[in-house]
Amino acid sequence: MRAVFGVLGPVSAWDDAGEPIALKGPRHRAVLARLIVARRRVVPVGHLVDDLWEEPPAGAVSAVRTFVAALRRALEPERPPRAPARLLVTEGPGYALRAEPDAVDAWRFERAVTAAATLPPADALARLDEALGWWRGPGYAEFAEAPWARAERAKLAELRLHAVERRAGARLALGLAAEAVPDLDAHVTEHPWREEAWRLLALALYRTGRQGDALAVLRRARALLVEQLGVDPGPALRQLEADVLDQAAHLDVARSDVTHLGAAGPVAAGPDAAGPDAERPSGVAPAPAPASEVRPAPGPDAPEPAGAAARVWARAAADYDRAVSAGARARLESTVGLLRSLALTGGEGLEAARAHRVAAVAAAEELGDPELTARVIGAYDVPAIWTRADDPEQAARIVAAAERTLAALPAPGHAAARARLLATIALETRGTRSPTDPPEAADLATLAATGSPASAASAASRCPASRPPAPQAPAPQVPAPRATRAAREAEEIARRLDDPALLAFALGGRFMQCFERAGLAPDRDAIGAELVALSARHGLVAYEVLGHLIRVQARSALADFATADRHAAAVDRLADRHELPLVGVFTQWYRALRLVATGHPTGPEAEAAYRAAAARLDGAGMPGLERGLLPLALLCLRLTREDQGTALPAARGADWGPYAPWVRPLTLLADGRRAEAATALHAAPPPPHDLLYEALWCLIGRAAIGVGDRAVIRLARSQLLPANRELAGAGSGLLTLGPVAHHLAALDAALAEPEGS
């Protein structure tokens, strides 16, 4: 039996014969509705308990399981005993309803409205008439007061209003103005603040020969807006009033160049879509009115872009240029919103976005308005997974501008702006220290002589969620670096303001600052889990992708590749659905790492996987990740193979990029140049606190054993000890040197040998 679900009205279900399915009591329907709201995602049992009861009774979890069992019997009556459910499934900590995309009327409605925007007016009208006929009442009607249904109900209600207006636009485009008037009249009566509805009604009246009524409608709209809201009508209503008074010729008939209806607003497009307003860049104007009524782009000889989306883009851009003056400050904020979207495309878009961002920040500072500058800096909340800056100089300039703006912002107030500036500081300060932080040792020789006992303990104090490393001698407390403090403060503000998008941005900053010592993969995994849950609830697609990628990395470090696989698959699905090509770079590298860590492939097979992954980096717009990574991955592969002693010489001559200081001692050792290797080891700087921290310390430890430097051996051991249960380097999602425990054993064995042997 195939079940079909209805939520456009009271929550209901029918079998494939159209007969109602008995859903029993209100709690059963509430569980079903809550799972439909989750759009095929898993809802933990604890969330169901919290959603069903204000004060859960003692047996709430058992009750939820009883409701689920009853729903399964109703939805799959022919399922054999003990056979796994196929529709209402148990997965991980909870349940999910794996309904097909066309099995829920709300999901079908979303797709129908989206499809109508690309159809000729006659087909669009038929599609919208059918879709609006599916409504049996308010969405999730019996759960109007349930907090978990509120956002979904609001989204569906808004989408229905867009559909009503799109249908009116289709009628106008077909010359059916008289048919449009009654529905539009009722529409503006029920929703008097929708200016597009007033505009369509006035235009329909004018086209039916009722010029006076059209002007009366426009003046009634003006009076309502001014008297009730204190605002003037927008440009579209003002322009229409002027055109009616002028009896403009283009008002008399439907536009002859119309072939498709444009979008009246952003629309979700499937069972996993994030909602009408998800991920619209900050500062970017909403989508324009239907294309049937939009003025064409200026210039009689300008070619018409191909496709509905291209037409809407060109016309909206032309209208924006006309409506917003070149010197308006709003242009800066709109520009940053556009750059945010551009960055998410990767490749040239990412590089261009970074360059233009610096110029936008400089332009904002020139205006001397710290509040505007704070918005321009903070609006570029592009999630990042790689913890080394692609352009350190540019990142430093952004951090400096953020610090200046923080100091200039009027106090008190502006909490959200402060949080975005602080999160920006945390995000842009990757693996480095602020100029205001105490300097670290310049090289390993100095650190081994002065810093090894305290380094791990002091670093642990900087990441509050972390578990402490193995017991060590008491050490002086070192103040947390500026970027770490900024990340903490941004997160605290976001939680206090209860702002999901701001919290997601702040959690990204906290992730970037959770590399203060080795062994913090569990902490990063917790950050990723919160990001996934938060973003899925609030339609923050880019941050949901970030959360999954963080979990891929963290679970790889913990050698939990089954969980990492699930998150990699989830992120690939999101990237495909939302056109985020950059994501594939990381998932392909992860799969090469997984092959090496779990598959025991032959040397050529593993190298081929890494080389294929490296090819994806070409043109990806991430120079900080690209240079030197493939040689480093191949070196790590060779060091973990049995024939490691003969593999190193073949790696000489490679471009090691930023990893050269930690690789050079090993290549010198492979050449038998032990004294030079010792000198190079002492001169190498401490590894940056980033995703390859453990891997680079393993290389240092290996070289220290090779040259017999007991001080650096002890230093490497102290740095790696907190990660003794992780795979070295796998937390990057890129490469691995095998279990850290194996490296610690080698270091311990070297220290156990008599000195000078």
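The values are calculated or read from the model by the stated rules, or taken from the named source; none is laboratory data. Please read all numbers here as calculations on a predicted model, not as lab measurements. Cβ placement follows ideal geometry from the backbone for every residue including glycine, while neighbour counts extend to all protein chains displayed. Surface areas here come from the heavy atoms of the whole protein model, side chains and all, with no ligands, DNA or RNA. Shrake-Rupley method; radii C 1.70, N 1.55, O 1.52, S 1.80 Å.
Computed quantities for the displayed model
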{"item": "Single residue of segment 599-614 satisfying the filter (modelled with pLDDT of 85 or more and not charged (D, E, K, R)) that is farthest from residue 583 (Cα to Cα)", "result": "608"}
{"item": "Candidates 673, 664 - the one that is at pLDDT below 95, touching a helix residue (DSSP H, G or I) at 6+ places or on another chain (Cβ under 6 Å) and basic (Lys, Arg)", "result": "664"}
{"item": "Members of segment 546-562 found to be touching a residue at least 12 places away in the same chain (Cβ under 8 Å), in a helix (DSSP H, G or I) and open to solvent by 20 Å² or more (accessible area, probe 1.4 Å), listed by number", "result": "551, 555"}
{"item": "Close pairs (6 angstrom Cβ cut-off, 6 or more residues apart or separate chains): closer than 20 Å to residue 166 by Cα in segment 131-146, open to solvent by 40 Å² or more (accessible area, probe 1.4 Å) and outside any loop (DSSP other than H, G, I, E, B) anywhere", "result": "139/153"}
{"item": "Helices (runs of 4 or more DSSP H) wholly inside segment 184-271 containing at least 2 residues that are among the basic types (Lys, Arg) and at pLDDT 85 or above", "result": "195-207, 211-224"}
{"item": "Count of residues meeting criterion [small (Gly, Ala, Ser), in a loop (DSSP other than H, G, I, E, B) and under 41 Å from the mean Cα position of the chain (by Cα)] in segment 702-757", "result": "4"}
{"item": "Failed criterion for residue 569 (all others in (1) touching a residue at least 24 places away in the same chain (Cβ under 8 Å); (2) over 22 Å from residue 726 (Cβ atoms); (3) open to solvent by 10 Å² or more (accessible area, probe 1.4 Å) hold)", "result": "(1)"}
{"item": "Output for segment 673-709, where each listed residue is at negative phi and of a type in the set (Gly, Ala, Ser)", "result": "675, 677, 678, 680, 683, 684, 695, 701, 703, 704, 706"}
{"item": "Any pair with Cβ under 8 angstrom, 6 or more apart, that starts in segment 107-124 at a residue that is more than 15 Å from residue 162 (Cα to Cα) and buried (at least 18 other Cβ atoms within 10 Å of the Cβ) and ends at one that is at pLDDT below 95 and among the hydroxyl-bearing types (Ser, Thr, Tyr)", "result": "121/292"}
{"item": "Residue within segment 74-87 that is within 17 Å of residue 14 (Cα to Cα) and assigned to a helix (DSSP H, G or I) present", "result": "yes"}
{"item": "Qualifying residue in segment 17-25 (condition: within 22 Å of residue 156 (Cβ to Cβ), open to solvent by 30 Å² or more (accessible area, probe 1.4 Å) and touching a residue at least 24 places away in the same chain (Cβ under 8 Å))", "result": "no"}
{"item": "Candidates 415, 408, filtered to the one that is in contact with a helix residue (DSSP H, G or I) (Cβ under 6 Å, 6 or more places away or on another chain), more than 17 Å from residue 487 (Cα to Cα), surrounded by fewer than 17 Cβ atoms within 10 Å (Cβ to Cβ) and at pLDDT 85 or above", "result": "408"}
{"item": "Test: residue in segment 398-411 that is in a helix (DSSP H, G or I), at negative phi, within 19 Å of the chain's Cα centre (by Cα) and not polar (S, T, N, Q)", "result": "no"}
{"item": "Tally, over segment 654-679, of residues that are open to solvent by 20 Å² or more (accessible area, probe 1.4 Å), over 34 Å from the mean Cα position of the chain (by Cα) and of a type in the set (A, V, I, L, M)", "result": "5"}
{"item": "Test for residue 523: is it acidic (Asp, Glu) and open to solvent by less than 30 Å² (accessible area, probe 1.4 Å)", "result": "yes"}
{"item": "Subset of segment 65-106 [touching a strand residue (DSSP E or B) at 6+ places or on another chain (Cβ under 7 Å), among the charged types (D, E, K, R) and open to solvent by less than 30 Å² (accessible area, probe 1.4 Å)]", "result": "105"}
{"item": "Residue check for residue 536: in contact with a Phe, Trp or Tyr (Cβ under 8 Å, 6 or more places away or on another chain) and touching a residue at least 40 places away in the same chain (Cβ under 8 Å)", "result": "no"}
{"item": "Residue that is farthest from residue 632 (Cα to Cα), among those in segment 697-708 that are buried (at least 24 other Cβ atoms within 10 Å of the Cβ) and out of contact with any Leu (no Cβ under 6 Å at 6 or more places or on another chain)", "result": "704"}
{"item": "The listed residue being of a type in the set (A, V, I, L, M), within 30 Å of residue 147 (Cβ to Cβ) and surrounded by fewer than 24 Cβ atoms within 10 Å (Cβ to Cβ), out of 497, 507", "result": "497"}
{"item": "Evaluation of residue 752 against (1) small (Gly, Ala, Ser); (2) at pLDDT below 95; (3) within 19 Å of residue 638 (Cα to Cα); (4) surrounded by fewer than 24 Cβ atoms within 10 Å (Cβ to Cβ) (one fails), failing number", "result": "(3)"}
{"item": "Identity of the residue in segment 367-396, of a type outside the set (A, V, I, L, M, F, W, C), open to solvent by 10 Å² or more (accessible area, probe 1.4 Å) and assigned to a helix (DSSP H, G or I), that ends up nearest to residue 532 (Cα to Cα)", "result": "375"}
{"item": "Close pairs from segment 218-243: first farther than 13 Å from residue 203 by Cβ, partner of a type in the set (Val, Ile, Thr) and open to solvent by 40 Å² or more (accessible area, probe 1.4 Å), Cβ under 8 Å, at least 6 apart", "result": "225/231; 232/226"}
{"item": "Restricting segment 70-88 to residues that are at pLDDT below 90 and among the small types (Gly, Ala, Ser), the residue that is nearest to residue 38 (Cα to Cα)", "result": "85"}
{"item": "Odd one out for residue 649, checked against (1) at pLDDT 90 or above; (2) in a helix (DSSP H, G or I)", "result": "(1)"}
